[in-house]
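Written below as structure tokens is the structure these notes are about.
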């Protein structure tokens, strides 16, 4: 059930049989020449909608801005302070819990959201003692890593990834534009937290860790279908 | 320019000739039997998109959750604490300003967002000294009040308004469903700030101040076109 | 009952028969050459005191500093960050509620306080579920607008208003000083939120929207008496 | 100069020759049967006003609510969370500094304000690097302790003190009412921080550490004059 | 250089040749029957001290409390709200940066600290634009995973891990006590964020994902030496 | 009981007979040439440990960073914003209370921590209604002032005190180094809150109010033993 288009009465009915809800979370941030600013929002929005359509799970509107500090030197990027995004995740969780939702899943298309949303959820537990709250990026869904490697390459990269570029244009109903098939510099070490200033220095073309020669719109469609399926299986397992 | 679908390079180009940006802000909250939960988001999103298409103004993705404390007794509603929404508006403003935007306009479809967003903007001024930041609800656009009265009735109401119900189904591409043409109790006094508990008591059917007998999908379409035009004129005046 | 001068035992007695309390809220901010810095505090303080004397309603000491960001280029102005004023209003509400007050009314003399105090009240509802909390500016009291127009002029203005200048000197027990009867530039559009920098540019003489030729100390006295009466009627209606 | 009644232009003139400002800070809290709720505000307000009249120092309106957690079991008390009072002190400091004030003195009548206001000032230093900011309670002014002992007794107490009861009625222009000349239980140890619950248990009559048999309105007048003098000398020393 | 025991002058000297600093971060939380409450602090404290001794890197005192929400049902555990730990990390970073430190590394012994400290660092970048700040857990140091598997087993577990139990007693200078060599239930899924209530249900004996039969004090010593070496190599690489 | 080295089960046992806990709090800040940066942490840590060993009281790990704004011009100093330290004290209090601790004592070695920790405790009372929480500096323990004067001099000073320098080297197991026996300028007035900028001006050698000619390592040992004894008596009195 897409909550955006539902009546309050329909939510009451939904809650008689289910207490799961998906919240797609993304960002508005540069993706170089290869993908649009909302790339990380479009994918989880479409993914949740498709799964919600298939198995009926409730889906809220998306969190459309994320923590994108490292991309702020590139025009169009909007970043939330981590504390703002935490508060947002906390308030959404507490609101949904108050209506009876218990399995509350933030489905993310942007890696930088992990820490702030995790923090917001941990804070929300004070008011949601018996909830089961989760933050999962679409590339962490079961089987996805393997499928990724099968379809595209060993490592789809860190920012402006092979997989997101392959999927996003199709999901927007547009033809993939022409852009240089750049091989970006290797991604930062796990332990390294990059400021906006250093990102611009290290990654002047925007992307990190990916080799765009592996991008393929056709494979993007196949991959997205796989994601939808994987999310449905994940939700099923959750409700068993 | 719809920022969601734009490349960072296109934003750089846009900023050579313009520094205006629209941020649609809405909510996810009950609208009784007459309108869907995201009603207050759908209208400004579509309005800004239409204006952006017509005159090229940059439009960000929407703020999809708002301050909806008084509707929290109705399932599906999500409310942000005022301080959360203030921080969100502040961070968005500061981010956009850092790229060169100077006329930053929050276009709202939900009255309850006024105080938190106003507060966020006032706080943002510390870092955006020469910006011109605004919060405007679509019903405050020039000429709208008169047109409202001309098309529908003297007062379209306070919550679940005649005008929003008339517009929203069309904007969603759906046929208007059947619902009782309720006349809701009169709206609260201006000075009165209503908690979730009292709203449920005073307005058990959700709406306030409106008489749904005046709802009309056809007039809704006409009215929406008027809004688009009014917003374009407002933006033009701003840039003169 | 003026709480400042009361004993705790007297408050206990008061609460046996009434649960209403008035909190006057103002600011310390420039009023050009025509009114003193505390103008917006003096009026609600005296108004609440007069009503409290007449009908016994409890009145707290005033909130003497407000949100006055736009006047900060003028020496003597003190501004609170919106979040500070929100927290102040929240803490006052929660404290009064804990003693048994249920009708908690912030009576304001300064327009800029509306958003922060509204936000503070909305946040306080979490701990004051069955309270009836309000924010009302004295110019919103029943009948005031009409009386204003009758006594002074069509529109008393936005800052350094005809009505506040007419009342304040009398309330301070001083003779009205000589000052130029300026006609200030028109007030900003409703949607426009003005920073300190732009206010100084747009309104170098401090005031906005008013024509001081309509100022009259005699009418100020009449008008103030009307306000007292109107507030008493408002409180009566509240308790019916 | 009393800022409440001054024009912005007069503040500009004042700042040519002085950069000192006094901010009286008090509370609204129970004082048992012996003193009114605003006792701790009335004394510093009148003290600063008298000094300001004598030597021309600028005085702002009072902070009328303080940190009064331990008195919350007594009706009429209002308490601010420590973080709220800190933010208030910070914002006032930063505002005054921005106009050119450099010696910014919070003159307190309530002991519980020390920690929150100290914290607010320490935070304000980030934006006021070369200010000299102080928090001083009237009983800490030079010579006061000795005078206290000379006029009244060895130790005037901790709450509902001999000295405040002796001064406050006179300052309000009222005759001292009749009340029992209680000897309250000894004050809490310095290291002990008392919650509202324990205060009520330990001090059911409100006061702590004082013996009201030493109260004297005549001596209160003498003592207040001494305070005014002491504050003037303190300010003189500051400006040498 | 151990900062705890250094003079301010020695820090000035250090900063002439190096700008690296290590901050050990741990927690106080239950480790079942197999390890003491401060286990996650003891390891990084000793690790940083050993590396600091070997190659001279500056080491601050430890952050001794962490984000341990999920262990709160077990007495002795202390948890910081995520926002508190973020603020702590931010303030430490900004302080160190102000003296000239540029490579600021939080070396963690507790997984739950990752999100809050990451958020604090991202917030600190506003005031530390050209810093290189990192958060790294000791099990993420180069080569550690492989060594772990070589010495102990495939997977040392998630909480009350084989490796920490093997090291901690030796580091405390104590003999390893007797405890049952439990095999704990499998660790939670990556996406799953566990509240205190659910942890107690899922992991009544405290640990998760580890099989204590692999614990070995002798191997613990070998492993700790490996960690020290690995950290030294990591720091060297950082300074090349 | 030293909590750092205890098992959760041992805490459960402890709580059957006692509900007292000590939290040592210090700082990392310059102490000129005479004492190491962690001087204010080392003393309370060792003091609490000694008392805990003697009479079994539970002792947590130390709060190792404090509010040290005024020392920030001296390299190596780390300062927490007052609000950060308040939150830290609040979270520690609330965590310990949740397990059953009721007498929660912050034992401080640094004067600048008083306000922030006091504020944190006052805020924690909302969730710890029947706790007895305290903040005490070691120099405030019973009998200490007199012993101080007996052993050393009339006034040990304000920063880099005679007593702390006399104790700290011994507690670190080091020989006292050679340093100039400076007589520092007199300490600031009680009411004066000193910024980092003014501290550097007033106290370029770091210390304030002390005359280091009175420093004596032998007396330091005697004095420390006295402190341990005094703390034990204080805890005994608390439990009577």
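The values are calculated or read from the model by the stated rules, or taken from the named source; none is laboratory data. Quick caveat, the model's predicted, so the values are computed rather than measured. Ideal geometry is used to build each Cβ from the backbone, glycine not excepted, and the neighbour counts take in all protein chains shown.
Here are a few things to note about the model shown:
- Among (1) within 9 Å of another protein chain (Cβ to nearest Cβ); (2) closer than 30 Å to residue B:141 by Cα; (3) without any contact (Cβ under 8 Å) to a residue 24 or more places away in the chain, the one test that residue C:137 misses: (3)
- For residue D:58, the test of being without any contact (Cβ under 8 Å) to a residue 40 or more places away in the chain, under 18 Å from the mean Cα position of the chain (by Cα) and under 26 Å from residue C:32 (Cβ atoms) is failed.
- Matching residues in the stretch F:141-161 - criterion: being assigned to a helix (DSSP H, G or I) and surrounded by fewer than 17 Cβ atoms within 10 Å (Cβ to Cβ): F:145, F:146, F:149, F:150
- Annotation for the stretch A:16-27: no member residue is facing another protein chain (nearest Cβ under 8 Å), crowded, with 23+ Cβ neighbours inside 10 Å and touching a helix residue (DSSP H, G or I) at 6+ places or on another chain (Cβ under 9 Å).
- Test: residue B:9 is within 13 Å of chain A (Cβ to nearest Cβ), out of contact with any helix residue (DSSP H, G or I) (no Cβ under 9 Å at 6 or more places or on another chain) and farther than 28 Å from residue C:83 by Cβ: yes
- Residue E:107 assigned to a helix (DSSP H, G or I) and within 28 Å of residue E:224 (Cβ to Cβ): no
- Scope the stretch F:124-134; condition within 8 Å of chain D (Cβ to nearest Cβ) and surrounded by fewer than 16 Cβ atoms within 10 Å (Cβ to Cβ); matching residues: F:129, F:130
- Any chance residue F:208 is within 30 Å of residue D:102 (Cβ to Cβ) and under 20 Å from the mean Cα position of the chain (by Cα): yes
- Check on residue F:133, within 19 Å of the chain's Cα centre (by Cα) and in a strand (DSSP E or B): yes
- The residue list A:62, A:38 contains one member that is within 7 Å of chain B (Cβ to nearest Cβ), crowded, with 24+ Cβ neighbours inside 10 Å, modelled with pLDDT of 95 or more and farther than 23 Å from residue A:199 by Cα, which is A:62.
- The residues of the stretch C:41-59 that are touching a strand residue (DSSP E or B) at 6+ places or on another chain (Cβ under 8 Å) and at the interface with chain D (Cβ under 8 Å from one of its Cβ atoms) amount to a single one, C:41.
- Condition check for residue D:156: closer than 21 Å to residue D:46 by Cβ, more than 8 Å from every other protein chain (Cβ to nearest Cβ) and out of contact with any helix residue (DSSP H, G or I) (no Cβ under 7 Å at 6 or more places or on another chain): no
- Considering the stretch F:113-123, and only residues there that are surrounded by 24 or more Cβ atoms within 10 Å (Cβ to Cβ) and within 9 Å of chain D (Cβ to nearest Cβ), the residue that is farthest from the chain's Cα centre (by Cα) turns out to be F:122.
- Selection status of residue E:204, touching a strand residue (DSSP E or B) at 6+ places or on another chain (Cβ under 8 Å), free of Cβ contacts under 8 Å to residues at least 24 places away in the same chain and assigned to a loop (DSSP other than H, G, I, E, B): no
Residue-wise test of (1) in contact (Cβ under 8 Å) with a residue 12 or more places away in the chain; (2) in a helix (DSSP H, G or I); (3) within 14 Å of chain E (Cβ to nearest Cβ).
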{"residue": "A:181", "(1), (2), (3)": "yes, no, no"}
{"residue": "A:186", "(1), (2), (3)": "yes, no, no"}
{"residue": "A:197", "(1), (2), (3)": "yes, yes, yes"}
{"residue": "A:200", "(1), (2), (3)": "yes, yes, yes"}
{"residue": "A:219", "(1), (2), (3)": "yes, yes, no"}
{"residue": "A:230", "(1), (2), (3)": "yes, yes, yes"}
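- Candidate set from the stretch D:73-104 (those that are within 14 Å of chain F (Cβ to nearest Cβ) and more than 21 Å from the chain's Cα centre (by Cα)); member that is farthest from residue D:119 (Cα to Cα): D:73
- Selection of the stretch A:110-120 for residues being touching a helix residue (DSSP H, G or I) at 6+ places or on another chain (Cβ under 6 Å) and not in a loop (DSSP other than H, G, I, E, B) yields A:115, A:116, A:117, A:118, A:119, A:120.
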